[in-house]
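Colleague: Can you keep this structure in mind? I'll have questions shortly.
Computed from the coordinates by the stated procedures, all read-outs in this text should not be read as laboratory data. Given the structure is predicted, the values throughout are model-derived calculations rather than measurements. Don't worry about glycine lacking a Cβ; one is built from the backbone with ideal geometry, like all the others, and counts go over all protein chains shown.
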Amino acid sequence: MHRPEDEPAPSIRRRRPLRNGAITIALGVAMFTAGAVAASPAGVNRAAESSASAAPGVQVRGVEALRERVRRLPADPVSWADLGTALVQQARTTADQSAYTQAEAALRRSLALQPAENLHAEIGMGALAAARHEFHDALTWARKAIVTSPATPAAYGILADALTQLGQYEDSYTAVQTMADLRPDSSSLARASYTFELRGDTLQAKAVMGRALRAAGTPGERAFAHTHLSSLALESGDPATALREARRGLAEAPQDPGLLEARAKAHAALGQPGQAVADYTAAIAVAPLPQYLLGLGELQQSLGHRADSESQYAVLRAQEKIRRAEGAPADVDAILFEADHGAPRQAVAMAEAAVSERPFIAVHDAYAWALHRAGRDEEALAQADKALALGTRSALFLFHRGTIRQSLGNTADARRDLERALATDPYFHPVHASAARTSIRRIDDAS
């Protein structure tokens, strides 16, 4: 596919050398699922799910149509693979864990029908593994898909996602560049935006995500782009723009939980807590994911609504109990919740297990905070440095490191980190933003 002359693929390579270290901002399970699978010259391949989430009702209708297709074509491996991939996306959006089991069954049925060179199933299995935080498996499936079809962009998307989460950042940038060179569509451009975001180049991240929005071909892709444009604005201390982007997305996808969360955060930053609570509540009704529960719980806590915050934390504790019983890896939100609202030593154990499988900057940051809360600040500082090693502009990461440095008596560096956190995003957290201001005042009073 030829690119338009006025829309070259973005250069992912940095104009300045990167520092070594581990990296990432958490985006839930995996940053993206499979992008569109390119059609073969014979038109045999059909598109997989887009990288963005569709409205839940649309997803259910799509899944049911694919179920009907496999009933009509039970020996067609592509139909089974398409069903499996759609179920992965449904599970990611609705938090319906049973959909992952159904997805795996459909994808393995496809592989049983066509064990070799089954591109759709290989990409679907990669997306499934990434959604489950099984990133080594995702990497294996992505590489299989690339062997099957070296010119299929979606395979490089899965590869890039897995490499990013495994801390292999230079290789992940190369994979994104290859994907964008093959086809600079919404999926590849969104990933390109993320590579700039990770390295602290917010202006370039916004510009490329704007291109992803213009290239979006589905409501789901547009919703995804608006969600992350909102997030980028909020993380730059611009809640008015964040609110505008969230509203634009919700005009097309009114039940999209990611957009509801984005609007909730913007409302909270603008001093509209009642609207923020309503949006978080609506997001949880669609998908009770840990990030929404924790966001609402800590917002309610900041408002002094103890009973309301505890009701969200009770759900999180129940989810954590199920996770431990199933032996699933802990995500970042679960670690941070345990560190702040549960048992810090347990949070350390969760983080140690997570970082050994997923040496990703958000995991290093959560590990740092768990170690700090458990009173192990020297070790915490080493992890906090890893979280910020690429220059990622994260107010929360800076707050965590500043607090750790303050505990170690390094008040000059602590103040610098805390000031940078508030300069990056004055509204970065309903509880910790005010704690950062209090800490700066205490440092100043003691000097």
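Colleague: Compute the acute angle (0 to 90°) between the alpha-carbon long axis of helix 135-148 and the principal axis of greatest extent of the alpha-carbon atoms of the chain; round to the nearest 10°.
Modeller: That works out to roughly 30 degrees.
Colleague: Let me ask something additional. Compute the FRET efficiency between residue 68 and residue 328 as 1/(1 + (r/R0)^6), taking r as their Cβ-Cβ distance and R0 = 30 Å, and round to the nearest 0.05.
Modeller: 0.45
Colleague: If you line up the long axis of helix 361-373 against the longest principal axis of the chain, both from Cα atoms, how many degrees apart are they, to the nearest 10?
Modeller: The answer is roughly 30 degrees.
Colleague: At 20 °C and 1.002 mPa s, grab the translational diffusion coefficient of the stretch 390-447 from Stokes-Einstein with a Kirkwood Rh over Cα pairs, rounded to a whole number in µm² per second.
Modeller: Approximately 196 µm²/s, per Stokes-Einstein.
Colleague: Hey, another quick one. Taking the convex hull of the alpha carbon atoms in the stretch 62-127, what volume per residue do you get, in Å³?
Modeller: Measuring per residue, one finds 64 Å³ for the Cα hull of the stretch 62-127.
Colleague: Here is a follow-up. According to the Cα gyration tensor, what semi-axes, each the square root of 5 times an eigenvalue, does the equivalent ellipsoid of the stretch 266-399 have, listed from largest to smallest in whole Å?
Modeller: So the equivalent ellipsoid measures 25, 18, 13 Å along its semi-axes.
Colleague: Can you run phi through the Karplus equation (6.51, -1.76, 1.60; θ = phi - 60°) for the stretch 425-435 and list ³J(HN,Hα) in whole Hz, with x for Gly and Pro?
Modeller: Computed from phi, the couplings for the stretch 425-435 are 7, x, 10, 5, 7, x, 9, 6, 4, 5, 5 Hz.
Colleague: Let me ask something else. Specify whether the C-alpha gyration tensor of the stretch 327-446 places it in the rounded, prolate or oblate class, a ≥ b ≥ c being the square roots of the eigenvalues: rounded for a/c under 1.5, otherwise prolate if a/b is larger than b/c and oblate if not.
Modeller: Judged from the Cα gyration tensor, the stretch 327-446 comes out prolate (a/c at least 1.5, a/b above b/c).
Colleague: So for the chain, averaging the separation of alpha carbon pairs under 8 Å that are six or more residues apart and normalising by length, what relative contact order in percent results?
Modeller: The normalised contact order for the chain reaches 15 percent.
Colleague: Okay, moving on. Evaluate Rg over Rh across the chain, taking Cα atoms for both radii and Kirkwood's formula for Rh.
Modeller: 0.96
Colleague: Can I ask one more? Could you give the size of the charge dipole of the chain about its Cα centre, using +1 on the Cβ of each K and R and -1 on the Cβ of each D and E, expressed in debye and rounded to the nearest 20?
Modeller: Roughly 300 debye, rounded to the nearest 20.
Colleague: Using a cut-off of under 19 Å, list every residue of the stretch 391-421 whose amide N is near the label point 7 Å from the Cα of residue 445 along the Cα-to-beta-carbon line.
Modeller: Output list for this probe position: 403-404, 406-412, 414-416, 418-419.
Colleague: List the equivalent ellipsoid semi-axes of the stretch 121-237 in whole Å, largest first, each obtained as the square root of 5λ for an eigenvalue λ of the Cα gyration tensor.
Modeller: 24, 15, 13
Colleague: Report the chymotrypsin sites (Phe, Trp or Tyr not before Pro) located in the stretch 227-331 that are in a DSSP loop and have at most 12 other Cβ atoms inside 10 Å of their Cβ, or state none.
Modeller: Here no chymotrypsin sites (Phe, Trp or Tyr not before Pro) fit, given the DSSP loop and packing criteria.
Colleague: So what is the orientation-averaged projected area of the stretch 184-287, using the convex hull of its C-alpha atoms, in nm²?
Modeller: 6.0
Colleague: Which whole-Hz couplings ³J(HN,Hα) result when phi for each residue of the stretch 399-407 is put into the Karplus expression 6.51 cos²θ - 1.76 cosθ + 1.60, θ = phi - 60°, listed in order with x for Gly and Pro?
Modeller: Running phi through 6.51 cos²θ - 1.76 cosθ + 1.60 with θ = phi - 60° gives 4, 4, 5, x, 5, 5, 4, 4, 5 Hz.
Colleague: What is the Cα radius of gyration of the stretch 278-347 over 2.2 N^0.38 Å, N being its residue count?
Modeller: Taking the Cα Rg and dividing by 2.2 N^0.38 Å, one obtains 1.07.
Colleague: Could you give the semi-axes, largest first, of the ellipsoid that matches the stretch 265-309, computed as the square roots of 5 times the alpha carbon gyration tensor eigenvalues and rounded to whole Å?
Modeller: Taking √(5λ) for each Cα gyration eigenvalue gives 15, 13, 8 Å.
Colleague: Oh, and also: Round to the nearest 0.05 the FRET efficiency obtained for residue 11 and residue 305 when R0 = 45 Å and r is the Cβ-Cβ distance.
Modeller: According to the calculation, E is roughly 0.40.
Colleague: Specify the angular offset, from 0 to 90 degrees and rounded to the nearest 10, of the alpha carbon long axis of helix 377-387 from the longest principal axis of the alpha carbons in the chain.
Modeller: On a 0 to 90 degree scale, this one is about 40.
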